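Visitor: Mind having a look at this structure? Questions to follow.
Throughout, read-outs are computed from the coordinates displayed, never taken from laboratory work. Everything quoted here is computed from the prediction, not taken from an experiment. Every residue, glycine among them, receives a Cβ derived from its backbone with ideal geometry; neighbour counts consider all protein chains shown.
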């Protein structure tokens with residue numbers, strides 16, 4: 001059973017399914033990364049890789065993300081998306097510690113004005129955090145167990161980044177362009193770093209969380225079938241360090257993390 005949210009005529013953005021199996025009788029759910037074209041200042045902007053960000057000021061990038069922010073989904077669309085999700089396989093009873101972590105993700109979404117997102121914990125053997133239909137943050141039970149609240153927030157920040165890259169991601173996915181998919185993941189990491197830093201959160205926790213997820217999945221499941229679509233943890237760590245250095249350098253020139261002089 002897959003969750004779908006087809007594009008309507010004239011609507012920005014769309015859906016493509018990235019299949020991930022829910023355990024037990026839950027079947028298969030489509031994990032989708034939805035966003036609009038990144039458009040700002042009257043033109044469509046496409047970053048080839050995170051290094052393209054480093055030639056400008058962080059303030060300009062932050063302004064671009066705000067200008068390109070997709071509108072919230074309608075109530076009817078949200079209901080359709082939630083109805084399409086499997087009912088079996090969702091973890092509805094959480095312990096106190098797990099609930100605190102999930103609440104932390106909701107706090108991040110509220111702080112980024114995405115409080116209309118839903119957050120669901122699902123029963124999967126692998127550790128995973130994903131964005132479904134630009135409406136639902138899906139967190140696997142192992143991810144809740146192995147990550148702390150701040151690391152979960154950081155990974156949710158990465159998923160938010162996929163809002164802005166849907167057209168590019170969909171094209172790369174359809175063409176099986178692994179190099180481009182890797183670049184897009186790094187750009188989402190950059191968006192997460194800027195978002196976390198702007199909220200006063202520790203951006204280094206993104207890498208800490210990714211390392212825990214990668215280690216858990218390799219130890220429990222071996223190499224994932226889609227692993228070649230993603231940068232290595234080492235590549236992501238190097239890219240994140242570049243973005244952090246870029247933000248610090250501009251801050252030293254009198255530009256704050258949120259772009260105010």
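Visitor: How do 250, 116, 166 line up, fewest other C-beta atoms within 10 Å first?
Guide: 116, 250, 166
Visitor: Using the alpha carbon gyration tensor of the range 154-220, what are the three equivalent-ellipsoid semi-axes (square root of 5 times each eigenvalue), largest first, in whole Å?
Guide: In descending order the semi-axes read 22, 18, 8 Å.
Visitor: What is the order of 75, 112, 195, fewest Cβ neighbours within 10 Å to most?
Guide: Going from least to most buried by this count: 75, 112, 195.
Visitor: For residue 60 and residue 226, calculate 0.36 nm times their separation in residues minus their Cα-Cα distance, and state this gained length in nm to one decimal.
Guide: Between residue 60 and residue 226, full extension yields an extra 56.4 nm.
Visitor: If you rank 213, 194 by fewest surrounding Cβ atoms within 10 Å, what's the result?
Guide: Ascending number of Cβ neighbours within 10 Å: 213, 194.
Visitor: Roughly speaking, what is the stretch gain from residue 107 to residue 148, that is 0.36 nm per residue apart minus the C-alpha to C-alpha distance, in nm to one decimal?
Guide: 13.3 nm
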